[in-house]
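Each value in this text was obtained by applying a stated rule to the coordinates, not by laboratory testing. Fair warning: this is a prediction, and the values are worked out from it, not measured in the lab. Cβ coordinates were reconstructed from backbone atoms using ideal geometry, including for glycine residues, and neighbour counts include every protein chain displayed.
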Amino acid sequence: MKIPLNDAEVEYISEFFSKNEADRIQSALLEELSWHQGDVYVFGRWHKTPRLQAWHGEKELVYRYSGKSLTAEPWSPTLNEIRNRLMEYGFKPNAVLANQYRNGSDKMGWHSDDEPELGVNPIILSLSFGAQRDFDFRHKKTKETYRIPLEHGSLLIMKGSTQRFWQHQLPARKRENATRINLTFRSIFS
């Protein structure tokens, strides 16, 4: 399904993985990835990120964002399986940023994936596993907003000028107690 956003190319596939596949993948990712709570520099101070994260990809690939650098851990078996499936559709990501939202208090603030190492019009392949959470878009100039609930096993594709004109966030949902894992596959250019 195409998402109706001006100045953007966004597509949503609700059942990219079946429920059984998504359950298996979520369980494997919780075990396989090297989860840690990072730090982020906001308003002149360092804070713990309100989620756990892991960075995996090609050997020694470095990703810089929010004032920090991450060196990629090797592909896990499950991440490699997912990457191979994405490659069947013509995508060729060389890295993935994994975020684990332990409950509804964990979140991600407004941002764009527009770092120079992602290129001019990056393709971000966002896979969701676990708790359904709202995902918001906000146009940088018009402030127009759009919300989509990301379902277990779904794929959200952001490409073209999306990152240039739009920001996105995963807001807190205090009543949510279940875990959600988000994988954002991307290509890093050195």
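A few remarks follow.
- Computed about its Cα centre, the charge dipole of the chain is approximately 700 debye, with only Lys, Arg, Asp and Glu carrying charge at their Cβ.
- The amide H of Glu176, built 1.01 Å from its N in the peptide plane, has Gly104 as neighbours under 5 Å, considering only residues 5 or more places off or on other chains.
- Positive-pole candidate from Ser161, Pro149, Ile82, dipole of segment 55-190, charges at beta carbon: Pro149
- Within a Gaussian network of the chain (alpha carbon springs, distance under 10 Å), most fluctuating of Met158, Met108, Met87: Met87
- A straight line joining the Cα centroids of segment 37-62 and segment 105-166 runs 18 Å.
- Mean projected area of the convex hull spanned by the Cα atoms of segment 84-190, taken over all viewing directions: 6.8 nm².
- Distance (nanometres) between label positions extended 7 Å along Cα→Cβ at Val42 and Glu58: 3.3
- Nitroxide proxy distance, nm - points 7 Å out along Cα→Cβ at Arg138 and Asn177: 3.1
- Lysine pairs within segment 60-185, Cα separation less than 23 Å, 8 or more sequence positions apart or different chains: 9
- Spin-label pair Ser105/Gln169, simplified geometry with 7 Å Cα→Cβ offset, distance in nm: 1.9
- GNM top mover of Gly153, Gly57, Gly44 - the chain, alpha-carbon springs below 10 Å: Gly44
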